[in-house]
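Take a look at the structure below.
Just so it is clear, none of the values below were taken in a lab; they were calculated from the coordinates. Computed from a predicted structure; not experimentally measured. Cβ: placed from backbone, ideal geometry, glycine included. Neighbour counts: every protein chain shown.
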Amino acid sequence: MELLTGIFTAFGLSASAGLNAYIPLLLVGLLARYTDLIHLNSPWDTLSNPWIVLMLCILVIIEMLADKIPAVNHLNDLVQTLIRPAAGAIAFAASANVVTNVSPVLALACGLLVAGTVHVAKSGVVRPMVTATTGGVGNIPVSIAEDVVSTILSFLAIALPIVVGTLLIILAAFIIYWLYRRSNRETT
């Protein structure tokens, strides 16, 4: 069971990093430093260092502000194309290593792919659609919603990983079903 919850935690944190790179890292650092919810093994315990926590706080504020300013948010998404997958890789490896001795390379690769996929869906599909349909007015509320979802998902991934795992399984089933239906419509 411990292996399963560790994997759910890792996937939840890396998915969260695809929305906001620094929220899951900050939450992991704070919870590892001040609670017993998570214990980080070396070298990931560096995330709980007070200077790293302070830096992550500053980066969270910068990313949140940049994502709310029209035109700057598109530049932010471009820059975050490299940062969010890297943050997801770190979050996945740090949390997966807490419970299991998962290969660091495999953990980093999984986190990179999960966060990268979420980021591409957000910045390549959702945000352009919101901008086109609302003339850019909807970007700020959507950005706020992304920050809230990233925070809640990060916390749930650590505190209640079974809930996150269940949600991820349901989401994966929905996506597979949607892709199946879409492919059947194209062939007929």
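Quick one: putting +1 on the C-beta of Lys and Arg, -1 on the C-beta of Asp and Glu, what dipole do you get for the chain around its Cα centre, in Debye to the nearest 20?
Taking the Cα centre of the chain as origin, the dipole is about 440 debye.
Once you have a ≥ b ≥ c as the square roots of the Cα gyration tensor eigenvalues for the stretch 1-49, tell me rounded if a/c is under 1.5, and otherwise prolate or oblate according to whether a/b is larger than b/c. The partial results should precede the final answer.
Numbers: a/c = 1.84, a/b = 1.05, b/c = 1.75.
Oblate is the answer for the stretch 1-49, as a/c is 1.5 or above yet b/c matches or exceeds a/b.
For residue 134 and residue 33, FRET efficiency with R0 = 41 Å and r from the beta-carbon atoms, rounded to 0.05?
Computed FRET efficiency for residue 33 and residue 134 comes out at 0.55.
In what sequence do 39, 119, 74 fall when counting other Cβ within 10 Å, fewest first?
On the way: 39 13, 119 25, 74 16.
Ordered by Cβ neighbours within 10 Å, fewest first: 39, 74, 119.
In nm, to one decimal, how far is the modelled label at residue 126 from the one at residue 65, with both set 7 Å along Cα→Cβ?
2.4 nm
Would you kindly calculate the mean projected area, averaged across all directions, of the convex hull enclosing the Cα atoms of the chain, in square nanometres? Present the calculation step by step, with values, prior to reporting the outcome.
Details: hull surface 46.2 nm².
So the Cα hull casts an average projection of 11.5 nm².
Between the stretch 45-62 and the stretch 160-188, how far is it from one alpha carbon centroid to the other, in angstrom?
One Cα centre to the other: 35 Å.
Once a ≥ b ≥ c are taken as the square roots of the eigenvalues of the Cα gyration tensor of the stretch 6-93, is the result rounded (a/c under 1.5), prolate (a/b larger than b/c) or oblate (a/b not larger than b/c)?
Values: a/c = 2.45, a/b = 1.64, b/c = 1.49.
Judged from the Cα gyration tensor, the stretch 6-93 comes out prolate (a/c at least 1.5, a/b above b/c).
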